[in-house]
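The values are calculated or read from the model by the stated rules, or taken from the named source; none is laboratory data. What you are looking at is a predicted structure, and each value in this text was computed from that prediction instead of being measured. No Cβ is skipped: glycine too gets one built from the backbone with ideal geometry, and neighbour counts run over all protein chains shown.
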Amino acid sequence: MAAATKKNKWEQALVIFIMVAGGILVSIPFIWMISSSFKPESEVLAIPPTIIPENPTLENYINLFTNMNFAVYLRNTLVIVFFSFLGLLFNAMAGYGFAKYDFKGREKVFYIVLATMMIPGQVTMIPVYLLLNAMGLTNTMTGIILPGLAVAFSIFLFRQFMTTIPDDLIEAARLDGAGEFHIFFRLVIPIAKPIFAVQGILTFIAGWNSFLWPLIIANDESLYTLSVGLSLLQGQYANNFALQMAGAAFMVVPIIIIFSFFQKYIVEGFTMSGIK
Amino acid sequence: MKLKNRYPYLFISPAVLLLSLFSLIPILIAFFISFTDMNLKGLADWSSISFIGLENYQTLFADDTFIKSIFNTIFYVVIGVPLVIICSLSIALLLNYGTSRLFTMFRAVYYMPSITNIIAVAVIWGYLYNTEYGLFNYILSLLTVENIPWLQEPTIAKISLIILAVWKGIGINMIIFLAALQGIPKSYYEAAEMDGANRLQVLFHVTLPLLRYATFFVTVTTLIGWMQFFEEPFVMTDGGPLDGTISIALFIYKEGFQFSEFGYAAAGSFVLFAMIIVVTMIQFKLRKSDTEY
Amino acid sequence: MKGKLWLLIVVVMTSLMLAGCSDSSSSEGDKNTVTVWAMGEEGKKLKQFSKDFEEKNEGLTVDVQAIPWDTAHDKLLTAVASGNGPDVVQLGTTWVPEFADAGALLDLSEYMQDYPNFAKENYFDGSVTTMEHDDEIVGIPWYADTRVIYYRKDILKESGYEEAPKTWDELKEAAQTLADRGEDMYGLDIDRNDQITPFIFAWQNGYEADLEEGNLNFDSPEFKEAMQYYTSYFEEGISQKQEGKDIVEAFKEGSKPMFFSGPWMINIINDQAPDLEGKWATAVMPTKETNTSSMGGANLSIFESSDNVEGALKFISYMTDVDTQLSWLEESNTLPSRTEAWEDPVMQEDPMYATFGEQLENTKPGLQTEQFERIAQELLAHIERITVGGADVEKELEEFNQEAQSLIEE
């Protein structure tokens with residue numbers, strides 16, 4: 001027994017070493033991005049790059065906030081994030097429908113859903129715009145939100161995971177007289193927590209970074225999002241890298257918070273206690 | 001019974017309706033456009049668009065750049081996709097090994113590349129790959145290896161972009177694998193342990209088979225994603241040197257949005273679309289023949 | 001049934017919130033508003049700037065929307081498609097033919113009389129070309145830019161050059177000497193991804209395209225010779241083939257003491273390399289047959305679908321007024337398009353401005369065809385084959401000429 005624990009300790013040390021070494025390697029660009037945001041413009045592109053700024057400055061951040069119509073952009077971004085979570089619910093429902101029901105045309109409809117993932121987004125941009133224009137939704141928040149609500153990738157991911165939920169569990173709940181929506185909200189969602197956490201992270205990031213649609217649809221800066229606001233700081237020829245890094249670093253902070261928040265639900269996992 | 005049949009449709013309809021409206025119909029419109037000579041003029045005045053049948057498709061296959069982009073895309077997919085899957089699965093297993101705070105913290109660390117701003121990515125990787133001043137060549141020079149032209153030679157440039165894309169692509173697949181790993185009931189491991197299985201046996205006979213839904217998902221989506229390989233060549237090389245890194249998606253983007261040849265670009269995307277469908281169908285077929293546990 | 005209730009609540013809430021968000025201000029179709037799309041930083045500055053216009057024109061409000069440079073083209077495409085454009089739009093000079101050809105821009109010919117600021121005589125010859133498209137006036141130059149030589153005075157002096165090279169031969173010789181200073185030293189930096197540089201060399205060598213006859217003249221000896229001159233810089237190691245250091249860094253340390261760039265570079269060098277002050281200068285392009293440089297900058301055009309043409313005209317007239325142009329220069333650091341503005345003492349006395357003023361007298365815009373972008377890209381690809389791939393100049397240019405010619409004949 002003693003030998004076994006010793007071996008385990010070595011193993012653990014090795015795993016931790018690999019993990020830490022790989023982690024540092026992988027995050028260098030990220031660290032550089034953060035550190036650049038504190039550098040004066042004269043230092044950003046210096047070769048070799050410095051990880052720790054020689055003359056740290058907050059100027060970039062001050063510049064960033066004085067240059068942006070911050071409150072408006074933030075509000076719009078949050079509205080988009082909010083609705084994309086509603087879209088997440090739709091996607092989860094669809095995923096569940098495809099995973100756990102047998103109905104006519106299931107395969108076909110599902111393949112069509114998948115097919116929408118396969119065409120490059122740029123090709124459909126103009127047709128979608130014309131459709132929204134015909135519906136009178138250009139220059140409205142609705143026009144910005146609607147096209148992004150349903151995501152094939154998300155439906156597919158939900159479907160894959162919900163397939164692994166044992167049928168017996170759902171059948172048992174039905175026998176107990178639970179309604180279908182009740183089963184979905186009270187049984188399936190809790191079981192699928194890890195995948196909801198993953199999707200929560202992805203949805204938040206997508207909403208938070210939304211860029212192209214707010215720009216294309218909006219004919220008014222009162223509908224711009226943070227990303228659009230940030231990209232306004234780019235020049236035609238000249239780019240102020242330090243300022244952009246400050247913007248990028250700022251955009252990433254909420255993502256890290258959301259990530260740490262959701263990722264703890266990935267840990268919880270499901271035990272088969274429900275079946276007993 | 002009849003009543004019960006409504007439910008599946010109730011569940012799928014909101015998402016499916018939205019998708020039909022904002023993806024399917026536009027795709028059909030784009031399909032129609034691919035048989036026309038639509039350009040910016042046509043966009044402004046629809047009466048000037050003329051139907052030219054299969055001409056766009058014929059021109060495509062006589063276009064050297066397009067042929068090259070197909071070859072490059074295959075190169076990216078064949079090397080990149082297995083690499084991403086293996087890397088993200090290994091990292092997920094690594095992170096799943098322990099439960100201490102350190103391990104949860106490193107989830108965020110490994111996720112960082114996928115949320116690093118693309119401009120930061122371009123700048124810092126541009127430096128890493130710089131032939132004369134770059135970090136990679138500096139390290140290699142210590143090992144007395146000659147300078148490698150990371151982004152200046154067509155084949156090496158492709159590989160450089162793959163490395164970059166793998167680095168960026170690990171994050172999302174890793175958390176999907178992690179979620180799947182967490183979904184494996186502990187009782188399975190306990191049972192295997194009781195049977196006296198060692199770690200490797202558990203990995204190959206319990207963990208990996210139970211990850212099949214997740215692996216299938218990751219494989220399908222990664223493949224689709226890599227067949228649409230775009231961002232990396234777009235920011236790093238713009239398709240060069242000598243069209244050595246141009247991908248189909250980048251080709252389409254350039255035709256459509258740089259040169260406003262919408263008809264031609266739409267035709268290109270349907271060729272890509274067809275390729276992706278075929279590949280995905282094959283995957284689903286292979287999966288079907290897979291025995292269900 | 002609880003589940004259904006849930007769904008109902010969600011649906012009702014959604015529709016309420018969507019409705020709540022939809023009532024955003026819609027300024028279109030308003031006779032008293034001039035909507036203006038301007039790019040990036042300029043767009044943001046213009047918003048404040050146009051307050052003065054509103055004061056002078058009682059009853060008119062200006063609604064400026066700033067659009068990021070990167071996506072401006074996409075945004076304009078959708079506006080053309082739906083006819084939902086602004087009244088006034090800022091267009092880069094290379095974009096004019098494309099959008100004019102699509103019929104997206106209003107012909108201003110009939111208003112030329114009423115707005116003296118629009119007269120062609122007011123602008124540099126290089127800009128005038130961009131105003132016209134198929135005998136229509138489709139835009140009024142707003143600001144100008146052009147390329148000049150940036151050079152390190154101190155380094156050139158060390159190598160025995162008191163001033164910037166004035167001719168092609170001098171340029172080549174000086175660059176050669178500078179490149180011979182040692183390993184990793186270069187004489188002249190040429191951005192191989194820049195579309196206009198090859199054309200600048202060609203124009204300097206007397207090349208001219210005959211677009212009316214649909215003849216690009218890429219097979220003319222002038223063009224060929226210019227391309228040989230251009231590629232020779234790479235072949236002889238005077239210019240760096242690979243992507244080396246960022247140009248400002250290299251300029252700072254002296255490994256690339258000369259390069260071509262536009263007015264925006266002044267601020268970049270001042271910001272990123274403040275230590276260099278006094279050690280660098282700008283000079284007009286070297287001469288072969290001419291010392292032509294490129295005409296860049298932006299025009300202001302009126303969208304065909306504009307519903308406030310009169311307001312739009314007033315706004316453009318205001319922006320192209322000499323006084324406005326001078327205060328806009330202070331605000332945004334972009335160079336005035338009006339020749340008269342350059343007679344102002346401010347422009348005459350500042351040596352940096354003076355160089356640009358002199359160079360602007362001798363400029364040409366990119367070929368005024370909607371295929372220019374594509375032709376320029378093709379040319380760069382062929383040049384890459386020569387400089388990197390080691391292909392034969394004659395053969396590549398031959399091929400390029402055929403491709404370009406077939407593009408224009410389409």
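Quick look at the values:
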read-out: Out of A:Ala134, A:Ala152, A:Ala197, A:Ala173, sole residue that is away from chain C (no Cβ under 14 Å), among the small types (Gly, Ala, Ser) and without any contact (Cβ under 8 Å) to a residue 40 or more places away in the chain; value: A:Ala152
read-out: Positions within the range A:18-47 being more than 7 Å from every other protein chain (Cβ to nearest Cβ) and assigned to a loop (DSSP other than H, G, I, E, B), in sequence order; value: A:Ser37, A:Phe38, A:Lys39, A:Pro40
read-out: Yes/no for B:Val279 being surrounded by 15 or more Cβ atoms within 10 Å (Cβ to Cβ) and at the interface with chain A (Cβ under 10 Å from one of its Cβ atoms); value: yes
read-out: Conditions (1) at pLDDT 85 or above; (2) under 25 Å from B:Ile163 (Cβ atoms); (3) of a type in the set (S, T, N, Q): number failed by B:Ser269; value: (2)
read-out: Elements of type strands (runs of 3 or more DSSP E) in the range C:222-302, at least 1 residues being surrounded by fewer than 19 Cβ atoms within 10 Å (Cβ to Cβ) and over 21 Å from the mean Cα position of the chain (by Cα); value: C:280-283
read-out: Residue in the range A:101-116 that is surrounded by the fewest Cβ atoms within 10 Å (Cβ to Cβ), counting only those that are more than 7 Å from chain B (Cβ to nearest Cβ) and part of a loop (DSSP other than H, G, I, E, B); value: A:Asp102
read-out: Residue match in the range B:100-121 (condition: over 23 Å from the mean Cα position of the chain (by Cα), within 30 Å of B:Phe204 (Cα to Cα), part of a loop (DSSP other than H, G, I, E, B) and not basic (Lys, Arg)); value: yes
read-out: Test for A:Phe185: is it surrounded by fewer than 23 Cβ atoms within 10 Å (Cβ to Cβ), outside any loop (DSSP other than H, G, I, E, B), without any contact (Cβ under 8 Å) to a residue 24 or more places away in the chain and facing another protein chain (nearest Cβ under 7 Å); value: yes
read-out: Elements of type helices (runs of 4 or more DSSP H) contained in the range C:26-130, each with 2 or more residues being under 26 Å from A:Ile126 (Cβ atoms); value: C:40-49, C:69-82, C:96-101
read-out: Check on A:Ala71, part of a helix (DSSP H, G or I), over 22 Å from A:Met33 (Cβ atoms), more than 14 Å from chain B (Cβ to nearest Cβ) and small (Gly, Ala, Ser); value: yes
read-out: Test for A:Leu58: is it under 26 Å from the mean Cα position of the chain (by Cα) and closer than 28 Å to A:Ser227 by Cβ; value: no
read-out: Residues located in the range A:129-177, provided they are surrounded by fewer than 17 Cβ atoms within 10 Å (Cβ to Cβ) and not in a helix (DSSP H, G or I); value: A:Met135, A:Gly136, A:Pro166, A:Asp176, A:Gly177
read-out: Restricting the range B:152-188 to residues that are farther than 26 Å from B:Phe106 by Cβ and not in a helix (DSSP H, G or I), the residue that is farthest from the other protein chains (Cβ to nearest Cβ); value: B:Glu153
read-out: Top-ranked residue in the range C:173-214 [being without any contact (Cβ under 8 Å) to a residue 40 or more places away in the chain and farther than 20 Å from C:Met285 by Cα; ranked as surrounded by the most Cβ atoms within 10 Å (Cβ to Cβ)]; value: C:Arg181
read-out: Yes/no for A:Phe83 being of a type in the set (Phe, Trp, Tyr) and within 30 Å of B:Gly98 (Cβ to Cβ); value: no
read-out: Test: C:Thr320 is touching a Lys or Arg at 6+ places or on another chain (Cβ under 6 Å), surrounded by 19 or more Cβ atoms within 10 Å (Cβ to Cβ) and modelled with pLDDT of 90 or more; value: no
read-out: Selected residue [within 7 Å of another protein chain (Cβ to nearest Cβ), among the β-branched types (Val, Ile, Thr) and not in a loop (DSSP other than H, G, I, E, B)] from A:Ile119, A:Ile126; value: A:Ile126
read-out: Some residue of the range A:53-63 being away from chain B (no Cβ under 14 Å), touching an Asp or Glu at 6+ places or on another chain (Cβ under 8 Å) and within 20 Å of B:Tyr127 (Cα to Cα); value: yes
read-out: Which listed residue is assigned by TED's automatic domain parsing to the domain that holds C:Glu222, free of Cβ contacts under 8 Å to residues at least 60 places away in the same chain and within 22 Å of the chain's Cα centre (by Cα), from C:Glu399, C:Glu378; value: C:Glu378
read-out: Checking C:Ser159 against (1) within 22 Å of C:Lys31 (Cα to Cα); (2) in the same structural domain as C:Phe201 (by TED's automatic domain parsing), the condition it does not meet; value: (1)
read-out: Complete set of residues in the range B:189-228 that are assigned to a helix (DSSP H, G or I), within 30 Å of B:Gly268 (Cα to Cα) and not β-branched (Val, Ile, Thr); value: B:Phe216, B:Phe217, B:Leu223, B:Gly225, B:Trp226, B:Met227
read-out: Check on B:Ile119, more than 24 Å from A:Val198 (Cβ to Cβ), out of contact with any Pro (no Cβ under 6 Å at 6 or more places or on another chain), buried (at least 18 other Cβ atoms within 10 Å of the Cβ) and within 12 Å of chain A (Cβ to nearest Cβ); value: yes
read-out: Residue in the range C:158-166 that is at positive phi, of a type in the set (Gly, Ala, Ser) and not in a strand (DSSP E or B) present; value: yes
read-out: Output for the range C:352-410, where each listed residue is of a type in the set (Ser, Thr, Tyr) and part of a loop (DSSP other than H, G, I, E, B); value: C:Thr369
read-out: Boolean, B:Val84 is more than 8 Å from chain A (Cβ to nearest Cβ), in a helix (DSSP H, G or I), among the β-branched types (Val, Ile, Thr) and buried (at least 22 other Cβ atoms within 10 Å of the Cβ); value: yes
